[in-house]
Amino acid sequence: MDNPVVKILVRAGIVLVVAVVIAIAVFSVHMAKQLSYPNGLTLEGEKEWAKSNGVWGDLENYTLTDYTVSGMDGYTLHCELVTSDETKDTGKYVIISHGYNSNRNGAAKYVPTYISLGYSCVIYDLRGHGENEKTVCTIGNYESQDLINIINDTYERYGEDIYLGLHGESMGSSTSLSSLAYSPKVHFVVADCGFTDLYELIGTQFKRYHIGFAEPLVNLSMKAFYGWSMKDTHAIDALDGCTVPICFIHGGDDSFISPDNSKRMSEKTEGYSELHIVDHAEHARSRAVLGKQAYTDIVSKFLDKVYESEE
């Protein structure tokens, strides 16, 4: 080791290793924060995006009632009831949960479908989104417990004898499915482009960019700094013994959440289920690709079968 060149190389190697370790640590903490604190659009921004992409739900045409619900640990959730003259006395309701980085205006694209089928719609901002106070978002776990509170509030607010279903997109889909672990009183779920397991989903994305090795460190950072683990968000496990009818819809060209996620969950549930793979639809684009009427037809035919099974 007296050779000065060798000493320089050894020191350089140590510096390089330390630099790589520090870089991975910084990346892990950064990613943990990015995932925990979504930086989504404002309500107005989401509305403009939906309009420019041809999927705005025309909320201006309906009666809107704002209110709040106390979620898990007393967290305040901003909600909105959407009704029309045709739905206000039907006793049918659906709670629509939006995707990550979106807000309740992102759920508006599905409102016309349900209004046309006689359902009043509850749309709301998931934790850390929209008008809600900034807080840690767990992309389906805490959110499913929030949803249970919204379900209970819906019965308390509109009557114990109402007919209630759930609809979710992406994170909202997995939130809706995860809530089934708590055996809520719901008659159906429409799950659009949901994922089976968050740890698996993020790991798949990391591997795509050849950084799969970083996921355990990102998860460790989440637990250390933000108090949650990606391993606790797994909608597919909520389907064990589940008999609630579920309609799975997924874009065939979804490169973010593979259609296989919906296929696996459809096979896992023990109740009636349907699986619709929409050709040429990318992530969360099935409604846009199909158009309002074709999307409504899928939901309508599914609900007809649900009604028949209950008679």
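The residues in the stretch 114-146 that are open to solvent by less than 10 Å² (accessible area, probe 1.4 Å), closer than 13 Å to Tyr62 by Cβ and assigned to a helix (DSSP H, G or I) can be counted, and the count is 1. Which residues, counting only those in the stretch 156-205, are open to solvent by less than 10 Å² (accessible area, probe 1.4 Å) and polar (S, T, N, Q)? Within the stretch 156-205, Ser173, Ser174, Thr175, Ser176, Ser179, Thr196 qualify. Screening Asp85 on (1) touching a Leu at 6+ places or on another chain (Cβ under 6 Å); (2) assigned to a loop (DSSP other than H, G, I, E, B) shows it passes everything except condition (1).
One line per residue, one yes/no per condition, for (1) in a helix (DSSP H, G or I); (2) open to solvent by 70 Å² or more (accessible area, probe 1.4 Å); (3) within 15 Å of Gly165 (Cβ to Cβ):
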| site | (1), (2), (3) |
| --- | --- |
| Gly271 | no, no, yes |
| His280 | no, yes, no |
| Tyr295 | yes, no, no |
| Ile298 | yes, no, yes |
| Lys301 | yes, yes, yes |
| Asp304 | yes, yes, yes |
| Tyr307 | yes, no, yes |
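Residues satisfying the criterion are absent from the stretch 124-147 (criterion: out of contact with any His (no Cβ under 7 Å at 6 or more places or on another chain) and over 30 Å from Leu201 (Cβ atoms)). Determine whether Asn53 is open to solvent by 20 Å² or more (accessible area, probe 1.4 Å), polar (S, T, N, Q) and more than 23 Å from the chain's Cα centre (by Cα). No.
Applying a threshold of 7 Å to beta carbon distances and a minimum spacing of six or more residues, or different chains, the list of pairs starting in the stretch 148-159 at a residue that is under 20 Å from Gly172 (Cβ atoms) and ending at one that is among the small types (Gly, Ala, Ser) and in a helix (DSSP H, G or I) reads Ile148/Ser179.
Of the candidates His210, His234, the single residue that is open to solvent by 30 Å² or more (accessible area, probe 1.4 Å), within 20 Å of the chain's Cα centre (by Cα) and modelled with pLDDT under 95 is His234. The residue list Lys33, Lys47 contains one member that is under 21 Å from Ser102 (Cβ atoms), open to solvent by 80 Å² or more (accessible area, probe 1.4 Å), touching a helix residue (DSSP H, G or I) at 6+ places or on another chain (Cβ under 8 Å) and of a type outside the set (Val, Ile, Thr), which is Lys33. Remark: Tyr100 matches the filter, which requires a residue to be in contact with a Pro (Cβ under 9 Å, 6 or more places away or on another chain), within 23 Å of Val186 (Cβ to Cβ) and open to solvent by 10 Å² or more (accessible area, probe 1.4 Å). Does Ala224 qualify as being more than 30 Å from Tyr163 (Cα to Cα), over 19 Å from the mean Cα position of the chain (by Cα) and not polar (S, T, N, Q)? Criteria met by Ala224. Sub-7 Å Cβ pairs linking a first residue in the stretch 15-42 that is β-branched (Val, Ile, Thr) to a second residue that is open to solvent by less than 90 Å² (accessible area, probe 1.4 Å), at least 6 apart or interchain, are Ile24/Ala214; Ile24/Leu217; Val29/Ser221, ordered by first then second residue. Against the numbered list (1) loosely packed, with under 13 Cβ neighbours inside 10 Å; (2) out of contact with any strand residue (DSSP E or B) (no Cβ under 6 Å at 6 or more places or on another chain); (3) not aliphatic (A, V, I, L, M), Asp66 comes up short only at (2).
Listed here are the residues, each with its yes/no results for (1) under 28 Å from Ser183 (Cα atoms); (2) among the aromatic types (Phe, Trp, Tyr); (3) at pLDDT below 95; (4) in contact with a strand residue (DSSP E or B) (Cβ under 8 Å, 6 or more places away or on another chain).
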| residue | (1), (2), (3), (4) |
| --- | --- |
| Gly54 | no, no, yes, no |
| Leu59 | no, no, yes, yes |
| Asp89 | yes, no, yes, no |
| Tyr93 | yes, yes, no, yes |
| Gly99 | yes, no, no, yes |
| Arg104 | yes, no, no, yes |
| Tyr119 | yes, yes, no, yes |
| Val122 | yes, no, no, yes |
| Gly128 | yes, no, no, no |
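Evaluate the following for Ser229: is it among the polar types (S, T, N, Q), within 27 Å of Asn53 (Cβ to Cβ) and under 19 Å from the mean Cα position of the chain (by Cα)?
It is false that Ser229 is among the polar types (S, T, N, Q), within 27 Å of Asn53 (Cβ to Cβ) and under 19 Å from the mean Cα position of the chain (by Cα).
The values are calculated or read from the model by the stated rules, or taken from the named source; none is laboratory data. Keep in mind the model is a prediction, meaning the values are calculated, not measured. Please note: Cβ atoms are built from the backbone with ideal geometry, for glycine as well, and neighbour counts cover all protein chains shown. To get the accessible areas, we keep the full protein, side chains included, count just its heavy atoms, and leave off ligands, DNA and RNA. Shrake-Rupley method; radii C 1.70, N 1.55, O 1.52, S 1.80 Å.
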